[in-house]
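The structure appears below as structure tokens.
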Amino acid sequence: MKEAKLIEEFTTEQRALLPKVQLKNTFQIDKIQLVAGVDLAYWDVEGKTYGTCCIVVIDFSTHEVVEKVHSYGEITVPYISGYLAFRELPLIKAAAKKLTLQPDLFLFDGNGYLHYRNMGIATHASFYLNKPTIGVAKSYLKIDDIDFTMPENREGAYTDIVINNKIYGRALRTTKNVKPIFISCGNWIDLETTTDIVMSLVNKESRLPIPVRLADLETHVKRREY
DNA sequence: GCGACAG
DNA sequence: ATCTTGTCGC
């Protein structure tokens, strides 16, 4: 089909954005008050695919939910590994536009710098949200045939994911006896801070950062309503 | 035909 | 992502 044409176009856009990525903090961690989690859910109706994007904002210190917004619409871009942002960004932008509060940081269900061209959805989306972002993936995206090293079975244990002598991200065991998650910088943040923030947002109930977990739950609720 | 493959 | 019950384990 013309999927090859899309991939060529998408790749060009990702390569153009890459030089603008900065893996260093543009904020003070003790100034962070509001963090947002972003996730989407999909379903099919009469051959068409629809989706809803939910953003849940919580207070960084109390974990209290302070705002929830969502968007809904038809999904036209297919899922292609490495190009998730192009499929999900339209609904993400629409939902973000409805926010009345301004989160200091956004966490995504998907990768950031840990990506074939270092331009996963968390990194890509930062340019539209103009805020620091973090990528949180539940499964490992293998790049250049490099496997990750399993971290020790201990809360907070992690291993760096090194590809071509660059640290792309980390396999992080957020809780003992659970599978690791794969975190990476989105933009305007460093990997140490990324790790600290993710660890401060997990608890016994969720191996995923709370905002991402809540956004995921919210998408299921919204899908039932449509 | 077979294997890969964030969500 | 989504289709889906029970079941093993802490």
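Let me have the relative contact order for chain A, percent, based on Cα pairs under 8 Å that are six or more residues apart. Walk me through the intermediate numbers first.
Numbers: 498 pairs, mean separation 50.1, N = 226.
Relative contact order comes out at 22 percent.
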Seminar exercise, completed: Ordering A:73-79, A:93-99 by per-residue average of other C-beta atoms within 10 angstrom, highest first, gives A:93-99, A:73-79
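Considering only protein heavy atoms, with the full assembly of protein chains and a 1.4 angstrom probe, order A:70, A:124, A:220 by accessible area, largest first.
Numbers: A:70 45, A:124 0, A:220 75 Å².
Ranking A:70, A:124, A:220 by accessible area, largest first, yields A:220, A:70, A:124.
Diagonalise the Cα gyration tensor of region A:41-100 and give the resulting equivalent ellipsoid semi-axes, square root of 5 times each eigenvalue, largest first, whole Å.
Working: eigenvalues 134, 33, 20 Å².
Gyration-tensor ellipsoid for region A:41-100: 26, 13, 10 Å.
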Seminar exercise, completed: Among the DSSP H helices of chain A, those whose Cα atoms extend at least 15 Å along the helix axis and whose mean Kyte-Doolittle hydropathy is 0.5 or higher are A:84-96
Exercise. Can you list the HN-Hα couplings for region A:143-153, worked out from phi with the Karplus curve (6.51, -1.76, 1.60; θ = phi - 60°), rounded to whole Hz and with x for Gly and Pro?
Worked result: 10, 6, 6, 8, 8, 8, 8, 5, x, 4, 7
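Counting helices only, and only those DSSP H runs with n ≥ 4, report the 222 nm mean residue ellipticity of chain A as the sum of -39,500 (n - 2.57) divided by its residues, in deg cm²/dmol to the nearest 500.
Rounded to the nearest 500, it is -9000 deg cm²/dmol.
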Exercise. Considering only protein heavy atoms, what per residue accessible area in square angstrom results for chain A with a 1.4 angstrom probe?
Worked result: 49 Å²
Seminar exercise, completed: Using a 1.4 Å probe on heavy atoms of the protein chains only, the accessible area for residue A:184 in Å², nearest 10, reads 0 Å²
Problem set entry | Gained length - residue A:46 relative to residue A:2, 0.36 nm times residue gap less alpha-carbon distance | 13.6 nm
Seminar exercise, completed: Restricting to aspartates and glutamates and to Cα separations under 17 Å from residue A:142, and discarding same-chain partners fewer than 8 apart, the set is A:109, A:160
Seminar exercise, completed: Rounded to whole angstroms and listed largest first, the alpha-carbon spread of region A:3-225 along its three principal axes comes to 47, 41, 33
Exercise. If ligands, DNA and RNA are left out, what is the accessible area of residue A:108 with a 1.4 Å probe, given in Å² to the nearest 10?
Worked result: 0 Å²
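For region A:144-225, count the residues as N, evaluate 2.2 N^0.38 Å, and divide the Cα radius of gyration by that value, please.
So the Cα radius of gyration is 1.21 times the expected 2.2 N^0.38 Å.
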Problem set entry | Sulfur and carbon atoms: percent of accessible area, chain A [1.4 Å] | 49 percent
Exercise. Using a simple spin-label model with points 7 Å from Cα along the Cα→Cβ vector, what separation in nm is obtained for residue A:162 and residue A:27?
Worked result: 3.1 nm
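Note the per residue figure in Å³ for the convex hull of the C-alpha positions in region A:84-189.
Details: hull volume 11.5 nm³, N = 106.
Per-residue hull volume (Cα only) is 108 Å³.
The values are calculated or read from the model by the stated rules, or taken from the named source; none is laboratory data. These numbers were taken from a predicted model, which means no experiment stands behind them. No Cβ is skipped: glycine too gets one built from the backbone with ideal geometry, and neighbour counts run over all protein chains shown. For the accessible areas, the whole protein counts, side chains as well, though only heavy atoms, and no ligand, DNA or RNA atoms are used. Shrake-Rupley method; radii C 1.70, N 1.55, O 1.52, S 1.80 Å.
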